[in-house]
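Notes follow the structure.
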Amino acid sequence: MPAQTIWMIRLSLVYLLISVLLGGLIITHKAVDLHPMIWSLLPVHFELAIWGWLVQFVMGTAYWMFPKKLTAKRRGPAAPAWAMVVLFNFGLILLVAGPFISSLPQSSLIGRLCIGLSILLFALLMWSRITTYRK
Amino acid sequence: MPKVTRWFIKAGIIYFIVGVILALISEFPAINAGPLLLPVYWHMLVIGWLTQIIMGVSIWMFPRKHRDRKKRESTLTWLTFWTLNSGLTLRFLSEPFLPVVQDSFLMNVAILFSSLLQISGIIFYIMEIWPRLQPRKKRKRSRS
């Protein structure tokens, strides 16, 4: 299992746990009033579940399991793969934490841009691996 | 395919079907249940279906840390299945009725308990999968 996959899947598990904990807090607040601020955590709950958990887990697993090239660097160059991991997680953190930090007004936009770039890198890395060994 | 994986996938398919049916029901203006069913079908699709498929397949496909162990299904995987599914079922049976039954002690306990069960399920899954995430070289060394 490549290091990039290990990092992506471990981070996705961390995001899943945070998202479920926030979800538990939100549903408890629906039953018993805890604090009015809790509703503001709803976007964090679903962004972490969709992007942090589902999308990142699938990307990490695909990077590991898809057919490898028959050259020395079997999964392609390592640097863009690391950039994919870093950009995705930096973007996600900006996306979910930004609205709570008033000094970062453009955080959502920059966060989504970073995630978009990461997905573009993923597509570039994976494109040639969407193949068969049978000719 | 291990038995626990089959259970995860079959449970996932059931949630998928029920989730889609609920989404369809919520489209009927006469029933007027859209806002009540919205969180239910979203969680049926994201946790009940997608997350359970991922869990089942990863338990099956991800390399086990100790391949020499005959038992392919650890206690943790079954704990994940039962806590997550009982938590989800309890949630789906109680959450839509929250606005109808206000300040019911029983309902509040059900919601809290369902939440704790779901969180436990996720923690058990992480405990199962986390040690499997290691480079091939390290895995080979730990086996020898």
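Would you check if B:Leu90 is hydrophobic (A, V, I, L, M, F, W, C), modelled with pLDDT of 95 or more and under 30 Å from A:Phe66 (Cβ atoms)?
Considered against the rule, which asks whether it is hydrophobic (A, V, I, L, M, F, W, C), modelled with pLDDT of 95 or more and under 30 Å from A:Phe66 (Cβ atoms), B:Leu90 comes out as no.
Just wondering, is there one or more residues in region B:102-109 that are surrounded by 12 or more Cβ atoms within 10 Å (Cβ to Cβ), over 21 Å from the mean Cα position of the chain (by Cα) and either of a type in the set (Lys, Arg) or not in a helix (DSSP H, G or I) (or both)?
Checking region B:102-109: at least one residue is surrounded by 12 or more Cβ atoms within 10 Å (Cβ to Cβ), over 21 Å from the mean Cα position of the chain (by Cα) and either of a type in the set (Lys, Arg) or not in a helix (DSSP H, G or I) (or both).
Please go through region A:69-86 and pick out each residue that is basic (Lys, Arg) and either surrounded by 14 or more Cβ atoms within 10 Å (Cβ to Cβ) or in contact with an Asp or Glu (Cβ under 9 Å, 6 or more places away or on another chain) (or both).
A:Arg75
Which count do you get for residues in region B:101-119 that are farther than 17 Å from A:Asp33 by Cβ, more than 9 Å from chain A (Cβ to nearest Cβ) and of a type outside the set (Phe, Trp, Tyr)?
The total comes to 2.
What about A:Ala62, is it surrounded by fewer than 19 Cβ atoms within 10 Å (Cβ to Cβ), within 14 Å of chain B (Cβ to nearest Cβ) and of a type in the set (A, V, I, L, M, F, W, C)? Outline the logic, then answer.
Numbers: surrounded by fewer than 19 Cβ atoms within 10 Å (Cβ to Cβ): yes; within 14 Å of chain B (Cβ to nearest Cβ): yes; of a type in the set (A, V, I, L, M, F, W, C): yes.
It is true that A:Ala62 is surrounded by fewer than 19 Cβ atoms within 10 Å (Cβ to Cβ), within 14 Å of chain B (Cβ to nearest Cβ) and of a type in the set (A, V, I, L, M, F, W, C).
Got a number for residues in region A:32-62 being among the charged types (D, E, K, R) and in contact with a helix residue (DSSP H, G or I) (Cβ under 7 Å, 6 or more places away or on another chain)?
Total satisfying the criteria: 1.
B:Glu95 - would you say it is on the phi < 0 side of the Ramachandran plot, within 21 Å of the chain's Cα centre (by Cα), more than 10 Å from every other protein chain (Cβ to nearest Cβ) and at pLDDT below 95? Outline the logic, then answer.
Numbers: on the phi < 0 side of the Ramachandran plot: yes; within 21 Å of the chain's Cα centre (by Cα): yes; more than 10 Å from every other protein chain (Cβ to nearest Cβ): no; at pLDDT below 95: yes.
Judged against the criteria, B:Glu95 is not a match.
Please verify whether A:Ile18 is crowded, with 19+ Cβ neighbours inside 10 Å and within 11 Å of another protein chain (Cβ to nearest Cβ), treating the condition exactly as stated.
no
Quick check on region B:120-144: of everything there that is in a loop (DSSP other than H, G, I, E, B) and at the interface with chain A (Cβ under 9 Å from one of its Cβ atoms), which residue is farthest from B:Phe81 (Cα to Cα)?
Within region B:120-144, the first condition is being in a loop (DSSP other than H, G, I, E, B), and the residues that meet it are B:133-135, B:144.
Filter once more, keeping what is at the interface with chain A (Cβ under 9 Å from one of its Cβ atoms): B:133-135.
On the way: B:Leu133: 20, B:Gln134: 24, B:Pro135: 27 Å.
Ranking the candidates gives B:Pro135 first.
Looking at A:Ile50, A:Ile6, A:Ile38, which is the one that is more than 11 Å from chain B (Cβ to nearest Cβ) and surrounded by fewer than 21 Cβ atoms within 10 Å (Cβ to Cβ)?
Details: A:Ile50 fails: more than 11 Å from chain B (Cβ to nearest Cβ); A:Ile6 fails: more than 11 Å from chain B (Cβ to nearest Cβ).
A:Ile38 is the lone residue from the list that is more than 11 Å from chain B (Cβ to nearest Cβ) and surrounded by fewer than 21 Cβ atoms within 10 Å (Cβ to Cβ).
Within region A:27-129, which helices (runs of 4 or more DSSP H) (wholly inside it) include 3 or more residues that are within 14 Å of the chain's Cα centre (by Cα), more than 23 Å from A:Leu17 (Cα to Cα) and of a type in the set (A, V, I, L, M, F, W, C)?
A:78-97, A:107-127
Which condition does A:Gly76 not pass, out of (1) within 13 Å of chain B (Cβ to nearest Cβ); (2) out of contact with any Lys or Arg (no Cβ under 6 Å at 6 or more places or on another chain), if it passes all the others?
It fails just one condition, (1).
Read through the list (1) within 27 Å of A:Gly60 (Cα to Cα); (2) at pLDDT below 90, then give the number of the only condition that B:Asn85 fails.
That leaves (2) as the condition not met.
Counting just the residues of region B:1-56 that are assigned to a loop (DSSP other than H, G, I, E, B) and exposed (fewer than 14 other Cβ atoms within 10 Å of the Cβ), which one comes out modelled with the lowest pLDDT?
Among those residues, the one meeting the criterion is B:Asn32.
Condition check ((1) out of contact with any Pro (no Cβ under 9 Å at 6 or more places or on another chain); (2) under 23 Å from A:Leu22 (Cβ atoms); (3) free of Cβ contacts under 8 Å to residues at least 24 places away in the same chain; (4) not acidic (Asp, Glu)) across all residues:
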site: B:Tyr15; (1), (2), (3), (4): yes, yes, no, yes
site: B:Ile21; (1), (2), (3), (4): yes, no, yes, yes
site: B:Pro29; (1), (2), (3), (4): yes, no, yes, yes
site: B:Gly34; (1), (2), (3), (4): yes, no, yes, yes
site: B:Tyr41; (1), (2), (3), (4): yes, yes, yes, yes
site: B:Trp60; (1), (2), (3), (4): no, no, no, yes
site: B:Pro63; (1), (2), (3), (4): yes, no, no, yes
site: B:Trp78; (1), (2), (3), (4): yes, no, no, yes
site: B:Thr83; (1), (2), (3), (4): yes, yes, no, yes
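The values are calculated or read from the model by the stated rules, or taken from the named source; none is laboratory data. Here the structure is a predicted model, which means the values were calculated and not measured. Glycine gets a Cβ as well: all are built from the backbone with ideal geometry, and neighbour counts include every protein chain shown.
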